[in-house]
Amino acid sequence: MFLRALLAIAIFGTLTSTAYLVLVLAGAWRFARRRSQLRSASAYFPPVSVLKPVHGLEPSLEENLESFFRQDFPDFELIFCARQASDPGLQMAQRLSLKYPEVKVRIFACGEPPWTNAKLFSLEKIWKEAAHELLVISDSDVRVSPDYLREIIKPFANPKVGMTTCIYRGLPAGGFWTELEAFGYSVEMTSGVVVANMLEGMKFALGPTMVVRRECVEALGGFGFMADYCADDYILGNRVAESGREVVLSHHVIDHMVFHHSFLASMRHQVRWMRSTRFSRPKGHLGTVLTYAMPFGALGWIAGLASGHAALGWGLLAAAFLNRVIQSVAAGYYVAGNRKALTHAFLYPIRDLLGAFLWVGSYLSSNVDWRGEEYRLFTDGLMLRQGKPAPVPKQEEAVVIGK
């Protein structure tokens, strides 16, 4: 009886994950059609301000930052900000500004953040300094192509658009666990985004790149309302959508660096990502378990062999494996443009199985580790630092330290 129950659960999960795959395929086709339309759309060149908070010397930081200096765009400025003027990331930005003197660059130090979310404190200090109406917010671990600004700005030719955001593919810095984590970005994240966009439109944004009109930020009173929240990208996109402005998923895809070489570092990072989603979108995160295929395939295989239904067990396992290979090709390669999602599609079933364990892990605690400090998450993604009082800022305004 027990084994039959396990088989029933495995069959049910196989059906739900297959239904999800159908949605992914439909979402991928819809995204590709939209991408074709926007690539051929007329160019639109309003001036833009790129806001780049940095913190420390991350792997490949020079290549990441330099990709923004090499933009094929007529009028843009780069604004960098860190806590201290001595931050290695700011020093890197200064060196690049000398290498590319034709690019407009300004560099700020904002002091120690009194907010839980240090990135938002940097943004709050520099968005008012921006010279232009379109604000491009981008993380330091992002690498882009020279046509990045040309492509992500196109939707703003429509005055109803208040915000755009980008899908990102994982770019591993090396190592097996890094490869699997990168799969999570390229396939799992991409799948969820194209399905959500197809079913209900964009009600959120993705942190590696967000483009927002200044007037939308002004209407929200700046970034302070998210000062103590983890999933600021989700909240900002949600608030812009609720205001009546359109949030558009760009057709352009960017690279997001993955450099957690050890198993434990990679697992901590991915659990933090899932735990943040759990608190920001609790119902959606709970239902995510039904989108995984390999856990149900493995369960069916074990129950099938144990109950004397070997053919059924092997069939469920094979169906799950094929399901995830197809998802890897459709979402990771066809949408995100990650070639490894095609050539190494056989690895994605492993990532899918691992993802289910990470999903379980997201419910085992409410704490997350962020840049070496412990935080506790609360309802809606509120995030409070553990064991330390909020630091006192050293100055009221950001200090200009570079051109």
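Filter the range 148-170 down to the residues that are open to solvent by 50 Å² or more (accessible area, probe 1.4 Å) and either within 20 Å of the chain's Cα centre (by Cα) or closer than 27 Å to Gly355 by Cα (or both) and list them by number.
Applying the first criterion (open to solvent by 50 Å² or more (accessible area, probe 1.4 Å)) to the range 148-170 yields 150, 157-160, 169.
Within the range 148-170, just Arg169 meets the criteria.
Within the group Leu316, Leu305, Leu264, Leu322, which residue is within 24 Å of Val24 (Cβ to Cβ) and open to solvent by 50 Å² or more (accessible area, probe 1.4 Å)?
Values: Leu316 fails: open to solvent by 50 Å² or more (accessible area, probe 1.4 Å); Leu305 fails: within 24 Å of Val24 (Cβ to Cβ); Leu264 fails: within 24 Å of Val24 (Cβ to Cβ).
So the residue among Leu316, Leu305, Leu264, Leu322 that is within 24 Å of Val24 (Cβ to Cβ) and open to solvent by 50 Å² or more (accessible area, probe 1.4 Å) is Leu322.
Assuming Leu90 fulfils every condition listed in (1) over 14 Å from Ile126 (Cβ atoms); (2) more than 22 Å from the chain's Cα centre (by Cα) apart from one, which condition is it?
(1)
For the range 21-54, what are the residues that are closer than 15 Å to Val329 by Cα and in contact (Cβ under 8 Å) with a residue 24 or more places away in the chain?
Passing the criteria: Leu21, Leu23, Val24, Leu25, Ala26, Gly27, Ala28, Phe31, Ala32.
Which of the residues spanning the range 270-297 are open to solvent by less than 30 Å² (accessible area, probe 1.4 Å), among the aliphatic types (A, V, I, L, M) and assigned to a helix (DSSP H, G or I)?
Within the range 270-297, Val271, Met274, Met294 qualify.
Could you please find all residues in the range 42-62 being touching a strand residue (DSSP E or B) at 6+ places or on another chain (Cβ under 9 Å) and of a type in the set (Gly, Ala, Ser)?
Ser49, Gly56, Ser60
What number of residues within the range 74-101 are open to solvent by 50 Å² or more (accessible area, probe 1.4 Å) and within 21 Å of Glu151 (Cβ to Cβ)?
So the answer is 1.
Quick one: is Arg30 open to solvent by 20 Å² or more (accessible area, probe 1.4 Å), at pLDDT below 95 and not in a loop (DSSP other than H, G, I, E, B)? Write out each step before concluding.
On the way: open to solvent by 20 Å² or more (accessible area, probe 1.4 Å): yes; at pLDDT below 95: no; not in a loop (DSSP other than H, G, I, E, B): yes.
No: the conditions fail for Arg30.
May I ask you to list the residues in the range 223-237 that are part of a helix (DSSP H, G or I) and in contact with a helix residue (DSSP H, G or I) (Cβ under 9 Å, 6 or more places away or on another chain)? Working first, answer last.
Taking the range 223-237 as the starting set, the residues that turn out to be part of a helix (DSSP H, G or I) are 224-226, 232-237.
If the condition is that a residue be part of a helix (DSSP H, G or I) and in contact with a helix residue (DSSP H, G or I) (Cβ under 9 Å, 6 or more places away or on another chain), then Gly224, Phe225, Met226, Asp232, Tyr234, Ile235, Leu236 are the ones that fit.
Can you say whether Gly174 is modelled with pLDDT under 95 and outside any strand (DSSP E or B), as far as the supplied structure shows?
Criteria met by Gly174.
What are the residue pairs meeting all of these: first residue in the range 270-297, first residue over 18 Å from Leu15 (Cβ atoms) and without any contact (Cβ under 8 Å) to a residue 12 or more places away in the chain, second residue open to solvent by less than 30 Å² (accessible area, probe 1.4 Å) and in a helix (DSSP H, G or I), Cβ atoms under 6 Å, and 6 or more apart or on different chains?
Close Cβ pairs (under 6 Å, with a partner that is open to solvent by less than 30 Å² (accessible area, probe 1.4 Å) and in a helix (DSSP H, G or I)) do not exist here.
The values are calculated or read from the model by the stated rules, or taken from the named source; none is laboratory data. Nothing here was measured: the structure is a model prediction, and the numbers come from that model. Methodologically, a virtual Cβ is constructed for each residue, glycine included, from the backbone with ideal geometry; neighbour enumeration extends over all protein chains shown. For the accessible areas, the whole protein counts, side chains as well, though only heavy atoms, and no ligand, DNA or RNA atoms are used. Shrake-Rupley method; radii C 1.70, N 1.55, O 1.52, S 1.80 Å.
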